[in-house]
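The values are calculated or read from the model by the stated rules, or taken from the named source; none is laboratory data. Remember, predicted model here, so these are calculated numbers, not experimental data. Cβ coordinates were reconstructed from backbone atoms using ideal geometry, including for glycine residues, and neighbour counts include every protein chain displayed. Calculation scope for accessible area: heavy atoms of the full protein, side chains included, ligands and nucleic acids excluded. Shrake-Rupley method; radii C 1.70, N 1.55, O 1.52, S 1.80 Å.
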Amino acid sequence: MKRIGILGGTFDPPHLGHLIMAECAYEGMELDEVWFLPSHIPPHKQKATVSSEDRLAMVEKAIENNPHFSICDVELTRKGTSYTVDTMKLLKEEYQGHQFYFIIGGDMVEHLPKWNRIEELKGYVEFIGMQRPGFQWEQDQSDSVHEVNIPLIEISSSVIREKLVKKESVRYLTTDAVIDYIKEHQLYEPNS
C-alpha cells in the first residue's frame, strides 16, 4: 500500500514554504510520494489571480527536481468549488490501494471540525499537521492529526504577489524556475 501525502492549495504562486512543508511531511511520515493538488476554486479563499493553467505550470516548475513530488490535477479538471471531501472521495475510489494523508498547516488544525463533511472526509484520509516552533494546537484536535515539525518560515503567496507588483525581488522565496515562468508569462504585473 502506497502512503501518499496530499498538499492542496491555490499555489498562486507556489513558494518554498510549500516545498518545505511537503518535504517535512514526506520525511516525517515516511511517505512514498507527495502529490500537489492545485484547487480550482477554494471554498475559503478568493479566486486565484492567475489562470489554473499558469498555476499548474508553476507547480510543475517548482517540483521538477524532486522525484517524490508530483501533481494531481483532479480539482482543475473537475472545475467548480474544490471541497476536499469530494476530491478525496474521488481519489480513494480511483486509487484503492493507497493510504492518503492530507497535509495542513498547524494553524488549520483547530478549524478541522468546521470543514465541509469532516466526518466523511476522515474516512478517506488521515491528517498531517505541520507544527511550527512556538505554536501549539488544542490537544483535543491532536488525537486525529499526525504531528510533523517544520521550521518557522514566513513566506506567503500574497507577499510574493505584492512584491512582484512593486517590481521587487522574490529570489529565495520561490524556485528560480517559477520566477522564470512568472517573468516569461508576465504574471502578477500591475494591472495584469
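For segment 7-18, the criterion of being among the hydroxyl-bearing types (Ser, Thr, Tyr) and at pLDDT below 95 is met by at least one residue. Any residue that is closer than 21 Å to Ala48 by Cα, of a type outside the set (D, E, K, R) and modelled with pLDDT of 90 or more - is there at least one of those in segment 116-131? Among the residues of segment 116-131, not one is closer than 21 Å to Ala48 by Cα, of a type outside the set (D, E, K, R) and modelled with pLDDT of 90 or more, which makes the answer no.
For segment 149-165, the set of residues classified as assigned to a helix (DSSP H, G or I), surrounded by fewer than 19 Cβ atoms within 10 Å (Cβ to Cβ) and in contact with a Pro (Cβ under 8 Å, 6 or more places away or on another chain) consists of Arg161, Val165, listed by residue number. Of all the criteria given as (1) in a helix (DSSP H, G or I); (2) of a type in the set (D, E, K, R); (3) modelled with pLDDT of 90 or more, the one not satisfied by Asp140 is (3). Residue count for segment 166-191 satisfying the condition of being assigned to a loop (DSSP other than H, G, I, E, B), open to solvent by less than 100 Å² (accessible area, probe 1.4 Å), at negative phi and not β-branched (Val, Ile, Thr): 7.
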